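First the structure, in the form of structure tokens, and then the observations on it.
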Amino acid sequence: FVVDGDLCEQYSTLDTGKQREIASALGLQPGVVVKKLEDLRTRYAF
């Protein structure tokens, strides 16, 4: 699969309410989503 690093970075630039909304839809806390996106991007960036 393909990981869009720019799209991963956009989550961090969203306002807090939008981050909570997305995280809630995934059943996660916003901090967990950020960590998973960072891990995903790092794992597949190289």
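Only helical DSSP H runs with n ≥ 4 go in: add -39500 (n - 2.57) per run for the chain, normalise by residue count and round the 222 nm mean residue ellipticity to 500 deg cm²/dmol.
On the way: 3 runs with 36 residues, N = 46.
Calculated mean residue ellipticity at 222 nm is -24500 deg cm²/dmol.
With only Lys, Arg, Asp and Glu charged, each at its Cβ (+1 for the first two, -1 for the last two), find how big the charge dipole of the stretch 1-44 is about the Cα centre; round to the nearest 20 debye.
Roughly 180 debye, rounded to the nearest 20.
If you take all C-alpha pairs in the stretch 2-42, what percent of them are over 11 Å apart?
61 percent
Any read-out appearing in this document is the output of simple, stated calculations on the displayed coordinates, not a laboratory observation. Bear in mind that the values here come from a model prediction, so they are computed numbers and not experimental data. Ideal geometry is used to build each Cβ from the backbone, glycine not excepted, and the neighbour counts take in all protein chains shown.
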